[in-house]
Amino acid sequence: MSDIELSTLAAEHILVADNELANVELFRRLFERDVPCQVIAVMNADAAVRAAVEQRPAVILLDLGFPNPEDALNVCRRIRQHHSRIEMPIILITAQNYRPMANNVIAQCFEAGADDFIERTANDPEKVLRVRGKLISALLYRTVVRQAAALRAIGGKVAHDLRTPLTSLSLALEAGEITGPPYVKTALKRIKTVSDALARHTSETASVNPAPLRVPKLFEDVRELAPFDDKLPPGALTVDSSRCSREVLAVKDLLLITMLEMISNAASVNTGMNGLAVSVVAEDEGELVCISIRDNGAGIPAGYEERIFEERYTTRDNGTGLGLAYARADIARMGGSLSLVRDGSPGAHFRICLPSREMESTER
């Protein structure tokens, strides 16, 4: 990081939990000089936990003898009830001659949530650099969290602002108060699907209550809405629900937008390919309904089976790296799974599996 970027750390804190004032002053000299931040000190376990919760320091330096190892272990456990490792790293500290007697407690502290261990020395640049690295990692994580919260707020407002005019337009079309080409109604339907899914993504309190959905009807919506993606060649998409006799338990807008996005991904990744084919097939698998979305394009390179589901990872210049991560999270919220399947066929094969129920006899 540049000096300008490091200057942003000045408002953050390092919490030193040590019951010996001389050690606190040593850390203050080391870190306030070499790491642009403020050192705050506490002298007992309760104060350490209280400061971690109220002050939210970026890094905690925890003396293993505080005043005894059991206290340090207790502090680790209590802090981890409130803050994750990546949000607030805990670094254990002790004197050089104390470590051989404390290896067992150190291991227990790591199990309880400690992240690193360094021996206290009067002047050790390597120790300062390690603490500095933990500090920067924690602050980067906090920056991402703040940005995500801001995006949720913006997305929620966009979804809300879209919903009212979309509802009015849809009702007017249904009532014949306004007219237009047939594709206008379909376009509004797709926009509303996206808007509803966006509202669920951006609301931390939005409920996810799966309900029984008839797969043939769901696939009719897929067939109707997918062609609005201008990258999908005409005739490239086929859907087949003939092997599915059960109702899938899902939230319709989330499942539908997931399927549409995955079809769109297949078209985008293989833009310009002659003979692109994308198939969507549903079938019963015991108590599950599994939906396969498959294309005959370039496929996913070996070794990337899980990485493609990581947030902000993308192989496209204009990609966000959020689509598959959000899709997997949405399917998981409905009690299902989304995975990449390796079956030896060309192209990419994704599989969504969700709980299901037998279709009511009157609906068969």
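Kindly indicate whether any position in region 240-254 is within 27 Å of the chain's Cα centre (by Cα), more than 25 Å from ASN209 (Cα to Cα) and in the same structural domain as LEU218 (by TED's automatic domain parsing).
Applying the first criterion (within 27 Å of the chain's Cα centre (by Cα)) to region 240-254 yields 248-254.
Subset that is more than 25 Å from ASN209 (Cα to Cα): none.
No, that holds for no residue.
Of the residues in region 1-18, how many are within 12 Å of THR94 (Cα to Cα) and either modelled with pLDDT under 75 or not in a strand (DSSP E or B) (or both)? The number of residues fulfilling the criteria is 1.
Taking ALA48 as the residue in question, decide whether it is surrounded by 18 or more Cβ atoms within 10 Å (Cβ to Cβ) and modelled with pLDDT of 75 or more. The answer is yes for ALA48. In summary, SER268 fulfils each of the numbered conditions (1) outside any strand (DSSP E or B); (2) buried (at least 21 other Cβ atoms within 10 Å of the Cβ) with the single exception of condition (2). Those residues that are assigned to a helix (DSSP H, G or I), surrounded by fewer than 22 Cβ atoms within 10 Å (Cβ to Cβ) and among the small types (Gly, Ala, Ser), I need them from region 58-94; list them, please. Listed by number, the list is empty, since nothing qualifies.
Does THR238 satisfy being β-branched (Val, Ile, Thr), surrounded by fewer than 17 Cβ atoms within 10 Å (Cβ to Cβ) and in a strand (DSSP E or B)? I'd like the intermediate steps shown before the answer.
Numbers: β-branched (Val, Ile, Thr): yes; surrounded by fewer than 17 Cβ atoms within 10 Å (Cβ to Cβ): yes; in a strand (DSSP E or B): yes.
Yes: the conditions hold for THR238.
Results for (1) within 28 Å of PRO355 (Cα to Cα); (2) touching a helix residue (DSSP H, G or I) at 6+ places or on another chain (Cβ under 8 Å), shown as yes or no for each residue.
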{"site": "VAL248", "(1), (2)": "yes, yes"}
{"site": "ILE263", "(1), (2)": "yes, yes"}
{"site": "ALA266", "(1), (2)": "yes, no"}
{"site": "GLY275", "(1), (2)": "no, no"}
{"site": "VAL280", "(1), (2)": "yes, yes"}
{"site": "GLY286", "(1), (2)": "yes, no"}
{"site": "ILE293", "(1), (2)": "yes, yes"}
{"site": "ALA298", "(1), (2)": "no, yes"}
{"site": "GLY303", "(1), (2)": "no, no"}
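The values are calculated or read from the model by the stated rules, or taken from the named source; none is laboratory data. Keep in mind the model is a prediction, meaning the values are calculated, not measured. Using ideal geometry, Cβ is built from the backbone for each residue, glycine included, and neighbour counts are taken over all protein chains shown.
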